[in-house]
Amino acid sequence: MSFDFNNNLSRAAPRAAGVSFSEGLRRHMVQVYNHMTAGLVVTGIVAYLVGNTPTIMEAIFGSPLRFLVMLAPLAFVLVMSFGVQRMSLGALTLTFYGFSMAMGLSLSTIFLVYAHASIAQVFFITAAMFLGMSLYGYTTRADLTKVGSFLIMGLMGIILASIVNIFVHSTGLGFVISVLGVLIFTGLTAYDTQRIKEMYSEGWGSEATGKLAIMGAVTLYLDFINLFLMLLRLFGQGDRR
């Protein structure tokens, strides 16, 4: 999912002196990927531990607490998006990892639906697709702005279609949503990577650049998670235990 976090950051502070643009950009992107990867690790650990602990699953999803768990990730995203200017870098970083934990709780149910081996297989497929498209977005000289705008429109469309499908329970519509979702989030991975790179080039001070790295990690994290879920719906095999 693509959120315009970066426009909420101040552009007043210049880049640190003594660091070339290419070296600064490389460090910045490494920081983005490191935070994103760490967030995915936190999510995976929480999801696995909770999803394989029946007492915790029953306590959460067998009670009204499940609604809090389902809505918590969205709340974290809104807090980071609208509070990024007021929050310190440390607070923003902690909020991101709190968000990663909340996503882990929310995603723990996949271990009740899909076989563990199937989840692992789809995860590695997602990682390969993500890596390829993110590398393309980072290296290409083509302007992906128009493509990105089209993909965001498509994203709004599948969100609306998903809401409709909650009520109609159409298997065919669900399949179409998943296929389109894979295409959209694959494209958004490249677009968002290029956008993060371009935002850095506009000039940031150390505090603002740190915040930009966190918000860039959130954006790519959401692209990865959504791509993973769409692929899991298409290729995931049920748990036959």
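Checking a compactness column here: for segment 17-140, what do you get for Rg(Cα) / (2.2 N^0.38 Å), N being the number of residues?
Working: Rg = 17.5 Å, N = 124, 2.2 N^0.38 = 13.7 Å.
In units of the globular-protein estimate, segment 17-140 measures up at 1.27.
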Exercise. Taking the structure as given and computing Cα extents along the principal axes in Å, which label from [x] 59, 36, 30; [y] 47, 38, 37; [z] 47, 41, 36 fits?
Worked result: [x]
For this session: Normalising by the residue count of the chain, find the relative contact order in percent from Cα pairs under 8 Å and 6+ residues apart.
Result: 39
Problem set entry | Sorted by Cβ density within 10 Å, fewest first, the residues R27, R86 | R86, R27
Exercise. Once fully extended, how much extra length lies between L131 and R26, figured as 0.36 nm per residue of separation less the alpha-carbon to alpha-carbon distance?
Worked result: 36.2 nm
Problem set entry | Projected label distance in nm at S81 and A120, using a 7 Å step from Cα toward the beta-carbon | 3.6
Problem set entry | Simple label model, 7 Å out from Cα along Cβ direction - R66 to R141, nm | 5.4
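Full-extension gain between L160 and T37, please, as 0.36 nm times their residue separation minus the C-alpha to C-alpha distance.
Values: separation 123, 0.36 × 123 = 44.28 nm, distance 2.94 nm.
Once the chain is fully extended between L160 and T37, it gains 41.3 nm.
With a 10 Å radius around each residue's Cβ, average the other Cβ atoms per peptide and rank 102-112, 142-152, highest first. Before the final figure, lay out the partial values.
Numbers: 102-112: 21.0, 142-152: 14.5.
Highest to lowest by the protection proxy: 102-112, 142-152.
Taken together, the values in this text are just the output of simple stated rules run on the coordinates, not laboratory data. Note that this is a predicted model, so its numbers are computed, not measured. Neighbour counts run over all protein chains shown; Cβ positions are idealised from the backbone, glycine included.
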